[in-house]
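Q: Dumping the structure here so I can ask a few things about it.
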Amino acid sequence: MKLIEINYYTDILDYPNDIRKATTLEELRNILKEYKCIAYDAYEQALNMNEDLFNEYIKNAHYVTDNSVETSLIEDYLDKFGHIIIPTLMLRVSFLAHKFGAPWGVAFLQLGRTGAIAIKKIDDEYIAKIGAKKDIEENKTVFTSFFQWI
């Protein structure tokens, strides 16, 4: 598993390009495993997919960029694959970065410093998740230590 280094200048542009490279379900799962620490919901969604769902995901990927597709088809597609297309953590960090005109990495690190992103240990790996902990100071310490370690 590659280490995702998040610093003030980190951008997430590789993520959409990387997931588009997947031609098999196994490839998609492997790609998402690389992003698991910041896209755990996408990784979980891919683990729950079967080959038929993966084929639907690939076949209808144009739904999110084609203006002629009916809204109901896009909504159904996003219900099934939305976390893969735009993982929740990446979406929220992107909103903040855009709103304040800051790089994605700055927004991510600031959310962590304030406790809005918590580091959780899942399956012996550290995962960044949205949601403030009860003890923000404790989370700030864990978050800061975690990303200094990376």
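The values are calculated or read from the model by the stated rules, or taken from the named source; none is laboratory data. Not measured: the values here are computed from a predicted model. Using ideal geometry, Cβ is built from the backbone for each residue, glycine included, and neighbour counts are taken over all protein chains shown.
Q: What are the residues in the stretch 103-125 that are surrounded by fewer than 16 Cβ atoms within 10 Å (Cβ to Cβ) and under 19 Å from E34 (Cα atoms), if any? So that I can check it myself, show each step before the final result.
A: In the first step, residues of the stretch 103-125 are kept if they are surrounded by fewer than 16 Cβ atoms within 10 Å (Cβ to Cβ); the result is 103, 113-114, 120-125.
Correct list: K120, K121, I122, D123, D124, E125.
Q: Would you be able to say whether some residue in the stretch 44-54 is in contact with a helix residue (DSSP H, G or I) (Cβ under 9 Å, 6 or more places away or on another chain) and either on the phi > 0 side of the Ramachandran plot or of a type in the set (S, T, Y) (or both)?
A: Going through the stretch 44-54, the residues in contact with a helix residue (DSSP H, G or I) (Cβ under 9 Å, 6 or more places away or on another chain) turn out to be 44-47, 49-51, 53-54.
From what's left, either on the phi > 0 side of the Ramachandran plot or of a type in the set (S, T, Y) (or both): none.
Scanning the stretch 44-54, I find no residue that is in contact with a helix residue (DSSP H, G or I) (Cβ under 9 Å, 6 or more places away or on another chain) and either on the phi > 0 side of the Ramachandran plot or of a type in the set (S, T, Y) (or both), so the answer is no.
Q: Going residue by residue through the stretch 45-67, is there one that turns out to be under 15 Å from the mean Cα position of the chain (by Cα) and surrounded by 19 or more Cβ atoms within 10 Å (Cβ to Cβ)?
A: yes
Q: Also, I was wondering about something else. Are any residues in the stretch 68-83 surrounded by 10 or more Cβ atoms within 10 Å (Cβ to Cβ) and free of Cβ contacts under 8 Å to residues at least 40 places away in the same chain, and if so, which ones?
A: Residues satisfying the conditions are V69, L73, I74, E75, D76, Y77, L78, K80, F81, G82.
Conditions (1) assigned by TED's automatic domain parsing to the domain that holds K129; (2) assigned to a loop (DSSP other than H, G, I, E, B); (3) at pLDDT 90 or above, marked per residue:
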residue: K2; (1), (2), (3): no, yes, no
residue: Y9; (1), (2), (3): no, yes, no
residue: M49; (1), (2), (3): no, yes, yes
residue: N55; (1), (2), (3): no, no, yes
residue: V69; (1), (2), (3): no, yes, no
residue: F81; (1), (2), (3): no, no, yes
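Q: Could you please let me know if F100 is at pLDDT 90 or above, over 23 Å from E125 (Cα atoms), surrounded by fewer than 14 Cβ atoms within 10 Å (Cβ to Cβ) and of a type in the set (A, V, I, L, M, F, W, C)?
A: The answer is yes for F100.
Q: Where residues in the stretch 57-67 are assigned to a helix (DSSP H, G or I) and of a type in the set (S, T, Y), which of them is farthest from K21 (Cα to Cα)?
A: For the stretch 57-67, the residue satisfying everything is Y63.
Q: Applying the selection to the stretch 14-43, what residues are outside any helix (DSSP H, G or I) and farther than 20 Å from I130 by Cα?
A: K21, A22, T23, T24
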